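What follows is a set of notes on a single structure, which appears directly below.
The values are calculated or read from the model by the stated rules, or taken from the named source; none is laboratory data. In this text the structure is predicted, and so the values were computed from the model without any measurement. Neighbour counts run over all protein chains shown; Cβ positions are idealised from the backbone, glycine included. Side chains are part of the model used for accessible areas, which takes the heavy atoms of the whole protein and leaves out ligands, DNA and RNA. Shrake-Rupley method; radii C 1.70, N 1.55, O 1.52, S 1.80 Å.
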Protein chains: 2
Amino acid sequence: MKRPTIADVARRAGVSKGAVSYALNGQPGVSEATRQRILAIATEIGFSPSSAARALSGAMARAIGLILARPARTLGIEPFFMELISGVEAELSARSYALTLQVVADQSAEIAVYRRWWGERRVDGVLVCDLRTDDLRVPVLEELRLPAVVIGGPTGTGDLPSVWSDDAAALVETVEYLHALGHRRIARVAGLPDLLHTAIRTQAFTAVCQRLGLAEAVTVSSDYTGEEGARVTRRLLSSRLRPTALIYDNDVMAIAGLSVAQEMGLAVPTHLSIVAWDDSPLCRLVHPPLTALGRDIPAYGAHAARQLLRLIEGATAEGLETETPRLTPRGSTGPAPSSSLTA
Amino acid sequence: MKRPTIADVARRAGVSKGAVSYALNGQPGVSEATRQRILAIATEIGFSPSSAARALSGAMARAIGLILARPARTLGIEPFFMELISGVEAELSARSYALTLQVVADQSAEIAVYRRWWGERRVDGVLVCDLRTDDLRVPVLEELRLPAVVIGGPTGTGDLPSVWSDDAAALVETVEYLHALGHRRIARVAGLPDLLHTAIRTQAFTAVCQRLGLAEAVTVSSDYTGEEGARVTRRLLSSRLRPTALIYDNDVMAIAGLSVAQEMGLAVPTHLSIVAWDDSPLCRLVHPPLTALGRDIPAYGAHAARQLLRLIEGATAEGLETETPRLTPRGSTGPAPSSSLTA
DNA sequence: ATCGATCATTGAAGCGCTCCCAGGTGGTCT
DNA sequence: AGACCACCTGGGAGCGCTTCAATGATCGAT
C-alpha cells in the first residue's frame, strides 16, 4: 500500500500542492469551497502529511520529549510517572502532538539526549522532571533555546517556566495535624536528597517543627524504594525514643514502613501514625488505609504540557502554581499514644 | 544558537556533503582517514543529522511507537507497563532509536493513531500490547504493512510476529502446587475477559482443574483495579462453600483481595491462600508477602523491541517464546485448612 | 467598456539529508 | 610508458512539505 502524498491529494482535487497545503493548515489563500473539497479528498484517501517533510520545511516536529532519569526499578513501582504521562498525553493527543519518551541512566546521559534531540530537531520542546538543586540541565536547555517547562520548582529553574505545587504548605499542614493529634516526636523519611522538592520539604519540615517546639524532628534520606523505606523505618522505630508519627515522601516507602511497624508489633495507628506523600490507589488497598497527601497528578501533567505547548507556539509562559497537595486522613493516623505525650 | 547542518561539517572538513553522509552512516565511499576526520569534526561542533531530513530521504524515522489503550486509572497503578517500557527503552537507546508513546481511550482510537503514524511516517514500527481475541488491530497493521511485533500471543497474531510467555504452563504449575497443598476449592479472579491472555489462562485453568478433579473451579472476570478485585473477592469469600485458595490475574487485585480477607477475619494463609500474577515489589511489601507468578518484564520488553528492530531492518522475525512465569512461594500460601479437605 | 484592486491559485525555491553517477587520482600491470 | 583498475570524491537529483512571489481571474467602480 502506497502512502498518499500531498501531490496525490492535489491531483485528485485538481489543484496545486500549495493550495492543498493552505487548505490543510487553515491558512488563507484558498476559498472556503476549495478548502472543503480538498479536506474531503484528503480524508477519503487517508492522507496525513509526512511529519518529516513538514518538520524539514521549517514547521514544527509536533512532538515533545520527556526523559526519565531514575533507575528502572523505582520507575515501575511508582505510579507517579505513569499518571503524569497519561495527563500529558491527554493534552497532547487532543492537538495530535506526539510524546517522545526516553529512559536514561543519569543526568549526563539526559543532557546528551537533549543535545541530540535538539540537533535532530526531533522534538519541539521538552518537559523536565525531578529538578535538582543546581540542576545542570537548566543552563543547557537555556543555551540550546529548546523550549522547556520544568515540572517542579518554583526556584532553581533559571529562565525556564515551571509548573509546581506548594509542597511546603502541604507539609506544614500535615505536621500541624499530627501535632494537634498530640504527636511530639515526628520523623520524616525523605526521598532522594538532591532532588529539589526533597530539599524544599525538608526545609519546611524543619521550620514548622521548630515553630511548634518539636525538638526531635528528624529527616532521614532514602531513595523511594520499598527496601530502603523498610530499612530506615526499622532503624527509626528501634531508637530509644522512637517517633510516634512518620511522614514518608512517597507511597511505596509508606507501605513498606507500615509492614515494618506491624512486623515489629506496633499497631497502626494506636502506637504509630503514618502519613504518605503521593496518594494513590495503593494507599487505599492496605490495612489500615494510609492517610496521604494527594493531588491530581494527571492534571499536573496536563498543566505542564499545556504550558509547554503555549511556549512552543511563541507565547511567553509563566510559572504556574497548581493545587497544593491535600491531606486525606484515613486509618493510619490517630491520637498519639498517651505515654508519649508525657514523655 | 544555530543548529549545525551537514553542510557545516562538510565545509569545515573540506569535503562534500556526500562524503560526510557516507562517513556518518558507515557506508563505503570514504577512506578511513577521512571518515575519522569527519567524525571528529561532527562531534566537535555537536552535529546530529536532522531526523526529519533523514526520514524524508527515504531513510528510517528511527523511532518506534507504542500505544496504551487502558483507562488512565489502571495505567498508573500497574507497574507492568512502566517496567515494560524501561526494558524497551534499554534496547532502543542503545541504538538511539526513539520511543513514541501514546495513551488512547479505546481500540478504534488506537487504530486511528496507527493510520496517522503510518501516513506521517512518524515511526518505523510499532509494539502492540494487550492482544484481544479477534483483535481488530492485527488486520489493519497487516494492511498498512507497518512493521509490528505483538506482545502476547502466540495465537491470534495473524502474520505479525509475537513475543510471548507460556501463561498456561505457569497456571498449571500454580494449580498443581495449590492442589498439592491440599486445596480443592480454587477460584480465579481474572483480568479483562476480552484480552487474549485472559482467555488462555482461563482455558488452562479450567482444563487443569478438570484433570485434577476440582469441580469447583470458578473464574470470575474483573478489570485489574483494586476496587473490582476487592468486590469480587468479597463475593467469592461470602459464598457457602468458599474457596480456600484464590489466584489473581494481577498484583493489585491480589493485594486488594488480601485486605478483604483480613477485613473478613480470614487469616492468610491459614484460612485462605493467595497467589498473584505479575510479581512486583508490591507483593513483598504487604503482610504476609504474596506468593506470586513473576517474570522479568523489562527483559520481556527488551525482547520485543529487539524483534521489532530486526523486523524493521528487513529480517523476517519469528515468534519468540520468553521464559515461563516462575512461581515464587511466599507467605500467602500454605496448606489448605483441614476442614476443607474433608468437605 | 476599461482599469485597478482584490483574492484565489499556481510555480518554484528551498529545508537537510541520502544516494547515484560521473569524474579524478594514484597505483598496478603489461 | 601507456592503459587500466580500483578507489574516492563531489555534484546533483529528489524525498514531501511550506511559503513566497507572481499569475490569473473576478468584480466593482469609473
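Structural remarks
- Within segment B:1-11, the set of residues being in a helix (DSSP H, G or I) and more than 7 Å from DNA strand C (Cβ to nearest atom) comprises B:Asp8, B:Val9, B:Ala10, B:Arg11.
- Among (1) within 12 Å of DNA strand C (Cβ to nearest atom); (2) within 30 Å of A:Leu308 (Cα to Cα); (3) out of contact with any Gly (no Cβ under 8 Å at 6 or more places or on another chain) - the single one A:Asn25 does not satisfy: (1)
- In segment A:235-261, the residues that are over 16 Å from A:Ala190 (Cβ atoms) and either in contact with an Asp or Glu (Cβ under 6 Å, 6 or more places away or on another chain) or within 14 Å of chain B (Cβ to nearest Cβ) (or both): A:Ile255, A:Leu258, A:Ser259, A:Val260, A:Ala261
- Close pairs (7 angstrom Cβ cut-off, 6 or more residues apart or separate chains): within 9 Å of chain A (Cβ to nearest Cβ) and in contact (Cβ under 8 Å) with a residue 24 or more places away in the chain in segment B:218-233, open to solvent by less than 40 Å² (accessible area, probe 1.4 Å) and outside any helix (DSSP H, G or I) anywhere: B:Gly229/B:Val189; B:Gly229/B:Ser222; B:Gly229/B:Tyr248
- Filtering segment A:91-100 for residues that are open to solvent by 40 Å² or more (accessible area, probe 1.4 Å), within 16 Å of DNA strand D (Cβ to nearest atom), within 23 Å of A:Arg137 (Cα to Cα) and out of contact with any strand residue (DSSP E or B) (no Cβ under 6 Å at 6 or more places or on another chain) leaves an empty set.
- Unique match (being more than 16 Å from DNA strand D (Cβ to nearest atom) and either surrounded by fewer than 23 Cβ atoms within 10 Å (Cβ to Cβ) or of a type in the set (Asp, Glu) (or both)) among B:Pro79, B:Pro71: B:Pro71
- Residues that are open to solvent by less than 10 Å² (accessible area, probe 1.4 Å) and of a type in the set (Gly, Ala, Ser) were ranked within segment B:101-125; the one that is modelled with the highest pLDDT is B:Gly125.
- Selection from segment A:1-55 of residues that are charged (D, E, K, R) and over 20 Å from A:Tyr97 (Cβ atoms): A:Lys2, A:Arg3, A:Asp8, A:Arg11, A:Arg12, A:Lys17, A:Glu32, A:Arg35, A:Arg37, A:Glu44
- Note on segment A:180-208: residues that are open to solvent by less than 50 Å² (accessible area, probe 1.4 Å) and not in a loop (DSSP other than H, G, I, E, B) total 15.
- Filter result (more than 29 Å from A:Ile64 (Cβ to Cβ) and out of contact with any strand residue (DSSP E or B) (no Cβ under 7 Å at 6 or more places or on another chain)) within segment B:107-135: B:Thr133, B:Asp134, B:Asp135
- Within segment A:1-16, no residue satisfies the criterion of being open to solvent by less than 30 Å² (accessible area, probe 1.4 Å) and near DNA strand D (Cβ under 7 Å from one of its atoms).
- Helices (runs of 4 or more DSSP H) (entirely within segment A:12-85) containing at least 3 residues that are without any contact (Cβ under 8 Å) to a residue 12 or more places away in the chain: A:17-25, A:32-44, A:51-56
- Count - residues of segment B:57-68 that are modelled with pLDDT under 85 and either away from DNA strand C (no atom under 13 Å from the Cβ) or open to solvent by 30 Å² or more (accessible area, probe 1.4 Å) (or both): 4
- Yes/no for A:Gly331 being more than 12 Å from chain B (Cβ to nearest Cβ), surrounded by fewer than 17 Cβ atoms within 10 Å (Cβ to Cβ), of a type in the set (Gly, Ala, Ser) and farther than 23 Å from B:Pro79 by Cβ: no
- Scanning segment A:30-48 for residues that are under 42 Å from the mean Cα position of the chain (by Cα) and near DNA strand C (Cβ under 9 Å from one of its atoms) yields A:Arg35, A:Ile38.
- Of the residues making up segment B:209-226, just one is assigned to a helix (DSSP H, G or I) and under 22 Å from B:Thr74 (Cβ atoms), namely B:Gly226.
- Selection of segment A:17-55 for residues being within 11 Å of DNA strand D (Cβ to nearest atom), polar (S, T, N, Q) and within 25 Å of B:Val113 (Cβ to Cβ) yields A:Ser21, A:Asn25, A:Ser48, A:Ser50, A:Ser51.
- Looking only at residues of segment B:133-149 that are free of Cβ contacts under 8 Å to residues at least 24 places away in the same chain and among the acidic types (Asp, Glu), we find that the one that is farthest from the other protein chains (Cβ to nearest Cβ) is B:Asp134.
- Only residues that are open to solvent by 10 Å² or more (accessible area, probe 1.4 Å) and not in a loop (DSSP other than H, G, I, E, B) were counted in segment A:227-269, giving 11.
- Checking each residue in segment B:45-88 for being of a type in the set (S, T, N, Q), more than 8 Å from chain A (Cβ to nearest Cβ) and out of contact with any Ser or Thr (no Cβ under 9 Å at 6 or more places or on another chain) picks out only B:Ser57.
- Verdict on B:Arg116 being under 28 Å from A:Ala59 (Cα atoms), within 13 Å of another protein chain (Cβ to nearest Cβ), among the basic types (Lys, Arg) and touching a residue at least 24 places away in the same chain (Cβ under 8 Å): no
- Looking only at segment B:76-115, and only at residues there that are aromatic (Phe, Trp, Tyr) and over 11 Å from the mean Cα position of the chain (by Cα), the one that is farthest from B:Asp296 (Cα to Cα): B:Tyr114
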